[in-house]
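Just so it is clear, none of the values below were taken in a lab; they were calculated from the coordinates. Note that this is a predicted model, so its numbers are computed, not measured. Counting neighbours? That spans all protein chains shown, and the Cβs are built from the backbone with ideal geometry, glycine included.
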Amino acid sequence: MSFEQKPADPTPQATPSSTSPATPDSSPNREDVFSDEPLPDPATIRAALHRAAHSMVGAEQRWSALRREGADDPTLKLHLSFEFGSYGGCSWPVWHQHYGGQNPCLIVGWSPRSVKVSGSRLLDLARSVLEIPSPSSALQGRLF
């Protein structure tokens, strides 16, 4: 009994990703699947921040207190970090991930078509979405 080796086929074999656009059924690579997704719009980012900031029990009561008293940037950052959680979280239908800790951040959308918001941009967005004034603005509002 003898075994013959077949010569290598000189014609390259086509792969699904090189011959057709990626679809959820044809590509195991998630980035290929979602690469046609649009970037999240501002309304989606605002909705994701609101949802992330209210993921802990009692969040609305804590935000209400900050709306009355106001918060400087370090205080607002501390509150966002707490509400986002030590280990972070994610949510649907507005797909987002949020992380607390020393540098809280919010990631909205699927990679690679996602938007990451952190630092001063996150604080500005939180002030706008959650209606948290600076301490001086809150004091002026109570006086006048």
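Details
- Rounded to the nearest 20, the size of the Cβ-charge dipole of region 39-143 about its Cα centre is 100 debye, with Lys and Arg at +1 and Asp and Glu at -1.
- Tensor-based shape of region 39-143 (alpha-carbon gyration tensor, a/c under 1.5 rounded, otherwise prolate or oblate): prolate
- 15 Å beta-carbon shell around residue 120, net charge (K/R +1, D/E -1): +1
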